[in-house]
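Data first, discussion second: the structure below is written as structure tokens.
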Amino acid sequence: MEISWVFFTATILASSAPLVIASLGETFSEKAGVINLSLDGTILLGAMVGFVTAYKSGSVILGTLVAGCSGAVVASIIGIFSIFWRIPQVAIGFVLALTCKDLAYFLGSNYTRIKGPQLENLPIPFLSKIPVVGNMLFCHNLMTYISLALIPLSWFYCFRTRPGLILRAVGENPIACYARGYKVGKIQFFYVVLGGFLVGIAGAIYSLGVKPGWGRPQGAEGIGWIALALVIFGGWHPIRVAFGAYFFGFLQALGVILQNVWINVPAQLFQVAPFPLMILALVLVNRPTFMNRFFSMFYSRPPEALGKMFSLE
Amino acid sequence: MKITDWVIVILAVFSVTTVVLFLVGAPPIDAYMLIFKGAFGSWRHFAQVLNVWIPLVICSCGLLFTFNMGLWNIGVEGQIMLGAVGSTFVIKACSSVFSPSLILVVAGICAILGGALWAVAAGFLKIRGNVHEIFSGLGLNFVAQALILWLIFGPWKRPGIASMSGTEPFPKSLWFPVPAGWRVSPFMIGLAVVLLLATAKVLQATRWGLVLKALGSNVKAAGVYGISVNRNLFFAMLCAGAFAGLVGFFQTTVIYHRLIPAISSNYGYLSLLVVMLAQYNWKPVPFIALLFAILQVGSIQLPLMLRIDSSLSGVIQGLLVLTAIGVMYARRRS
Amino acid sequence: MDVELKHIHKYFGPVHANKDISIKLSSGTIHGILGENGAGKSTLMKILAGYIPCSSGQILINGIPVKYSTPTEALKYRIGMLYQDPLDFPALKVLENFVLGIPDIPFLNSQKSFKKMFHDLCRQFGFSIDPESSVRRLTLGERQQLEIIRLVAAGASLIILDEPTTGISVAQKETLFRALRFLADEGRIIVVVSHKLEDVMSLCDVVTVLGQGEVVGEVVQPFDPNELLRLMFKEIPAPVPRCTLKCGHPLLWMDRVSAPGGRCGLKECSFTVKEGEIVGLAGLEGSGQNLFLRVASGLVEPTRGEIYLGKEKLTHKGRQVFKNKGICFIPTDRLAEGLFPDLTVSEHFVLTKFDDSFFIPWDKVEQVSVNNIIKFSIKGDSNSKVSTLSGGNQQRLLLSLLPQNPKLILLENPIRGLDVESSSWIWSYLQSFCLKGTAIVFSSSDLDEIFGVAHRIVVFFDGKIVLDSPLEEVSLEEVHQAIAGVT
């Protein structure tokens, strides 16, 4: 029983890795005040680009990086449109979410249902030999390690470094930042692109690790919306956002187990169920007085300038 | 936007699409020809285009209400699904009780109620739950999808084996009547036109339409004028949901004659794009819906003939909206 | 450091906001810039602070012409500005706000070293702010102090303050003035922009008076108030005569009302206003008076207490009912809260004067709006979007939207940002309602306005009503004390 429990946890850690990376990327973007609503499309585009690049070059790392770049390109469209041209972010993001999804299906249509390279597990020497913890934490692929490392790193970056302080300040009051000599547009653009890069990488982890291969449907559909919800759920705080991502992974893994317990309930239901549950969690967190006092501790204020365009007038 | 702007938009989209086609190694001219032929090749094809046009127009009408108020009714997909569930429910439950024509009327009403219920749920979550309508809408879309899957694999499954192909088809007598050889219901075309004109009239000539526009312009000022944000939000969502529910009815009784998992055919999301490209204005809606329908139907041939994915239509539609928004704001700034 | 502005011109489109302004600012002085609203003070200061560029002219520092076009570049020339609404980060901690202003902070922002610096500066100026507290919890005066410290730490030698005494307590004002004097004695230049004669006279060494974008005079200590007044206003404006109070029946009665919101909420406020009465609400910004107006208008629901109109209970009835009973509300921030920026003038009349029609009778609407445009001399036509109207015209439009016979008009800072002419027009129009028995309750940060037109003054402090008295029975001194919370 202990083995399966360890395995369960390890599965959650591995299968949530892309969600953690994507939602942290979006956290950066939103902390700087820009909503990147295109996540659902960007993740699929990243998955496609990552898979095709890795398939052609044989290098999983290259695939992941190129996928990240594709995400960065999409994010830079949002950045240019919203930061420099002041076009409503939500509109652009939504259109891009749909367009990128279709673009991914279209460009990837020659590569469906073929076997490609995959991220390999890299057990860390010595550490992986520790009982229980070794199997749980130190027998993963590279990207899972990165996702685990990224959580404390993002927290440290946001709350303990100078650029992190500036990042939070930009999302709170861009005009005050301008008055203090920070180049608001450039800073916001940088974080939007950085966030997009992480989201692209997250996509690649799906096609190269969690749901290997490319096809329609790929299996990462809807994840982008969950990542967006997680950022709100986590109150724009990296650690709580990551916690939410693992919670979602837990729900998904639980679905797989329950599927074997209740055989007569259709499997599709278990695949879909975590999504509405996640949104329900959002409702509870977002409205402290709605249900009870307990949830109010999860409530936090969004960055003051989130979604608003910065202009000098 | 002026004509010249539209030309710029279309040229830009054309060139990007051509590049995309080169990327997958498909001959662009052939692809465009296929889309054209796929949409206009015969009456059968064009009837199909109209069968996409009808739901797009009806759904866009509903969205005009919510967009005018500044609401992002992304839950429109789920509202279509619930409409489909509502009409299927009536047909399944009452087929032995009423006469076929009465059943269809009741099914239509039930579909409208279903869509409206789903829209109001999103509105409720916004008003009482303080959840942005994008997220409540998305969540409800997932719930609706789960509901349909459960119905198809559970209570309404086909005798013998449940499958993704949907429920057992309805008896022919319960199909929405279409004149022989028409392949498209003239009644539904008329309904779409009437609904569009009615929507335009309500939004432009009534005080309520103005109230919605006012709320879209500045919600904070509403209180000063004694305008209830919540009540108007409720009614705007109700309208959008009712229209979407009607689309669900159309999809089940006119097109598929059963409930299938992909019953909404993504028309909800597509209608959002239509209205955005129309810049939240009713006049361009029928034309843009026609263009989208042509792309949608024309690209069905692509996988068969050129071995490329039919999602090309989605790419073109998305690019159209993207460039149009870009050009529009560039004009506004200069 | 000596700074000289030479022949500064600034155009906003066709508007000539600054006309050939030349001012010398010398080290160690506190220089006042005095002028009424719209005199071009703010524009000039924004140019000096690098916030907007000037159309033509020169800025010389120690005799050398310099050019800069952003606040950052201005700060490199050691020029910093403190805005009326402090540009800070309410969600962040005080110390973080402080650190953000310092140009060279190391990558790892270990805050310990900055804490010492912060404490030292605080002690120097006699400020006491907790570096760990969130800026959201500070009063306006404390936020101002934080900004001053930040500017000093960033090395500013010329500090501009825009209306620094609006909305802070008397005690805070004294602290501020002491700090400014200290800074000047250290050799810095302090520029204070104000329209409050009294403050400028007690603080400044030199005063430049601006009028309609031009320098109309420069005066040095000792000041003659009448001379300054004559410079500020070509003719000293005759105060609006207070209309006589016809003692009517009690109209609105609020019984121990509490409500959340704002900086301190509203605590157990009891209040009655009679027909035909004008009541002025005073207090520091955010002491509850604006929340009080929103509760009285039905926009915010009280958590405790009851509201009665005449004998009828209105608590929890919602804004619609309040509005239908004839309770009107006009907020300060007209474009943000009072009007729909994308709608035209006539569409606003549809929303207010054609409540019952389903279809809009456009020809009648056109007639009504044209009539009102003429009656209220609104510069604009019925099809212009209200966002294109000027502030004064927006306020006139809001007044024209009032119903024929309102029972109670609630106004938040009704003449803020308007020139003298518009202000007196607005008050004489409002007073015409009072003669018909309408009651008016307004908040104002300008005591002169309250003493000029109101029959009664109500002072808020920390969400509570601390003074409620007819004007003839209270002295300015008592009001000052009440505003500052001295009992």
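Checking C:F98 against (1) within 13 Å of chain A (Cβ to nearest Cβ); (2) farther than 30 Å from C:D333 by Cα, which single condition isn't satisfied?
(2)
Answer yes if at least one residue in the range A:127-136 is touching a Phe, Trp or Tyr at 6+ places or on another chain (Cβ under 8 Å), without any contact (Cβ under 8 Å) to a residue 24 or more places away in the chain, away from chain B (no Cβ under 14 Å) and not in a loop (DSSP other than H, G, I, E, B), and no otherwise.
Yes, there is a match, as at least one residue in the range A:127-136 is touching a Phe, Trp or Tyr at 6+ places or on another chain (Cβ under 8 Å), without any contact (Cβ under 8 Å) to a residue 24 or more places away in the chain, away from chain B (no Cβ under 14 Å) and not in a loop (DSSP other than H, G, I, E, B).
A quick yes/no check of all residues on (1) more than 14 Å from chain A (Cβ to nearest Cβ); (2) buried (at least 17 other Cβ atoms within 10 Å of the Cβ); (3) assigned to a helix (DSSP H, G or I); (4) not acidic (D, E):
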| position | (1), (2), (3), (4) |
| --- | --- |
| B:I148 | no, yes, yes, yes |
| B:I152 | no, yes, yes, yes |
| B:P179 | yes, no, no, yes |
| B:G190 | yes, no, yes, yes |
| B:V193 | yes, no, yes, yes |
| B:A200 | yes, yes, yes, yes |
| B:Q204 | yes, no, yes, yes |
| B:A214 | yes, yes, yes, yes |
| B:L233 | yes, yes, yes, yes |
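Out of the residues in the range C:307-364 that are without any contact (Cβ under 8 Å) to a residue 40 or more places away in the chain and polar (S, T, N, Q), state the one that is farthest from the other protein chains (Cβ to nearest Cβ).
Taking the candidates together, the pick is C:T315.
Would a scan of the range C:101-111 turn up a residue that is at pLDDT 85 or above, within 28 Å of C:V193 (Cα to Cα) and of a type outside the set (G, A, S)?
no
For the range A:220-264, name all the residues that are part of a loop (DSSP other than H, G, I, E, B), crowded, with 16+ Cβ neighbours inside 10 Å and either away from chain B (no Cβ under 12 Å) or over 13 Å from the mean Cα position of the chain (by Cα) (or both).
A:A220, A:G234, A:G235, A:W236, A:H237
Quick one: would you say B:Y269 is at the interface with chain A (Cβ under 7 Å from one of its Cβ atoms) and farther than 21 Å from B:F14 by Cβ?
Yes: the conditions hold for B:Y269.
So, in the range C:181-210, of the ones that are of a type in the set (K, R) and at pLDDT 90 or above, which residue ends up surrounded by the fewest Cβ atoms within 10 Å (Cβ to Cβ)?
Filtering the range C:181-210 for residues that are of a type in the set (K, R) and at pLDDT 90 or above, the one surrounded by the fewest Cβ atoms within 10 Å (Cβ to Cβ) comes out as C:R181.
May I ask you to verify whether B:V247 is among the aliphatic types (A, V, I, L, M) and either more than 14 Å from chain C (Cβ to nearest Cβ) or touching a residue at least 60 places away in the same chain (Cβ under 8 Å) (or both)?
yes
Quick check on my filter: what residues within the range C:252-293 are of a type in the set (K, R) and within 19 Å of C:I450 (Cβ to Cβ)?
The answer is C:K274, and nothing else.
Pairs needed: first member in the range C:1-22, assigned to a strand (DSSP E or B); second member anywhere, of a type in the set (K, R); C-beta distance under 8 Å; at least 6 residues apart or different chains.
Every condition considered, the pairs that remain are C:V3/C:K24; C:E4/C:K24; C:L5/C:K24; C:H9/C:K19; C:H16/C:K10; C:A17/C:K10; C:N18/C:K10; C:S22/C:K6.
With the range B:1-89 as the region, which helices (runs of 4 or more DSSP H) entirely inside it contain at least 1 residues that are exposed (fewer than 15 other Cβ atoms within 10 Å of the Cβ) and polar (S, T, N, Q)?
B:3-23
Hey, C:L75 hits all of (1) of a type outside the set (K, R); (2) under 27 Å from the mean Cα position of the chain (by Cα); (3) more than 14 Å from chain A (Cβ to nearest Cβ); (4) outside any strand (DSSP E or B) but one; which does it fall short on?
So the condition that C:L75 fails would be (3).
Out of C:G63, C:G35, C:G28, C:G80, I need the residue that is touching a residue at least 60 places away in the same chain (Cβ under 8 Å), closer than 27 Å to C:V420 by Cβ and assigned by TED's automatic domain parsing to the domain that holds C:T166. Which one?
Result: C:G35 is the single residue among C:G63, C:G35, C:G28, C:G80 that is touching a residue at least 60 places away in the same chain (Cβ under 8 Å), closer than 27 Å to C:V420 by Cβ and assigned by TED's automatic domain parsing to the domain that holds C:T166.
Residue-by-condition table, conditions (1) in contact with a strand residue (DSSP E or B) (Cβ under 6 Å, 6 or more places away or on another chain); (2) more than 21 Å from C:G126 (Cα to Cα):
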| residue | (1), (2) |
| --- | --- |
| C:R150 | no, no |
| C:L158 | yes, no |
| C:P164 | no, no |
| C:Q172 | no, no |
| C:L176 | no, no |
| C:R188 | no, no |
| C:V206 | yes, yes |
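Within the range C:38-60, take every residue that is in a loop (DSSP other than H, G, I, E, B) and in contact (Cβ under 8 Å) with a residue 60 or more places away in the chain and give me the one that is nearest to C:L231 (Cα to Cα).
Going through the qualifying residues, I end up with C:A39.
Working only within the range A:18-39, note down all residues that are in contact with a Ser or Thr (Cβ under 9 Å, 6 or more places away or on another chain) and over 17 Å from A:A67 (Cβ atoms).
Once the filter is applied, which keeps residues that are in contact with a Ser or Thr (Cβ under 9 Å, 6 or more places away or on another chain) and over 17 Å from A:A67 (Cβ atoms), the range A:18-39 yields A:T27, A:F28, A:V34, A:I35.
Please specify each residue of the range B:256-288 satisfying the condition of being aromatic (F, W, Y) and within 30 Å of B:F89 (Cβ to Cβ).
B:Y256, B:Y267, B:Y269
For B:S95, are the conditions met, namely being more than 18 Å from B:A278 (Cα to Cα), under 25 Å from the mean Cα position of the chain (by Cα), hydroxyl-bearing (S, T, Y) and surrounded by fewer than 16 Cβ atoms within 10 Å (Cβ to Cβ)?
It is false that B:S95 is more than 18 Å from B:A278 (Cα to Cα), under 25 Å from the mean Cα position of the chain (by Cα), hydroxyl-bearing (S, T, Y) and surrounded by fewer than 16 Cβ atoms within 10 Å (Cβ to Cβ).
Which of the residues that make up the range C:97-144 are under 24 Å from C:L75 (Cβ atoms), within 33 Å of the chain's Cα centre (by Cα) and assigned to a loop (DSSP other than H, G, I, E, B)?
Those that are under 24 Å from C:L75 (Cβ atoms), within 33 Å of the chain's Cα centre (by Cα) and assigned to a loop (DSSP other than H, G, I, E, B): C:G101, C:I102, C:P103, C:F127, C:I129, C:P131, C:L138.
With (1) of a type outside the set (S, T, N, Q); (2) surrounded by 18 or more Cβ atoms within 10 Å (Cβ to Cβ); (3) over 28 Å from C:P406 (Cβ atoms) as the list, and C:E478 as the residue in question, which single condition is left unmet?
Here C:E478 clears every test but (2).
Quick one: B:P171 ticks every box in (1) in contact with a Ser or Thr (Cβ under 9 Å, 6 or more places away or on another chain); (2) at pLDDT 90 or above bar one, so which box is it?
(2)
Only one of these conditions is not met by A:F190: (1) at the interface with chain C (Cβ under 9 Å from one of its Cβ atoms); (2) part of a helix (DSSP H, G or I). Which number is it?
A:F190 satisfies every listed condition except (1).
Quick one: which of C:G265, C:G283, C:G276, C:G261 is farther than 18 Å from C:C434 by Cβ and surrounded by 18 or more Cβ atoms within 10 Å (Cβ to Cβ)?
C:G283
May I ask you to say which residue of B:G83, B:G108, B:G41 is under 20 Å from B:V184 (Cβ atoms) and out of contact with any helix residue (DSSP H, G or I) (no Cβ under 8 Å at 6 or more places or on another chain)?
Answer to the check: B:G41.
Would you mind telling me which numbered condition in (1) polar (S, T, N, Q); (2) without any contact (Cβ under 8 Å) to a residue 40 or more places away in the chain; (3) in contact with a helix residue (DSSP H, G or I) (Cβ under 6 Å, 6 or more places away or on another chain) B:N218 fails?
(3)
The values are calculated or read from the model by the stated rules, or taken from the named source; none is laboratory data. Quantities reported herein were computed from a predicted structural model and do not represent experimental measurements. Using ideal geometry, Cβ is built from the backbone for each residue, glycine included, and neighbour counts are taken over all protein chains shown.
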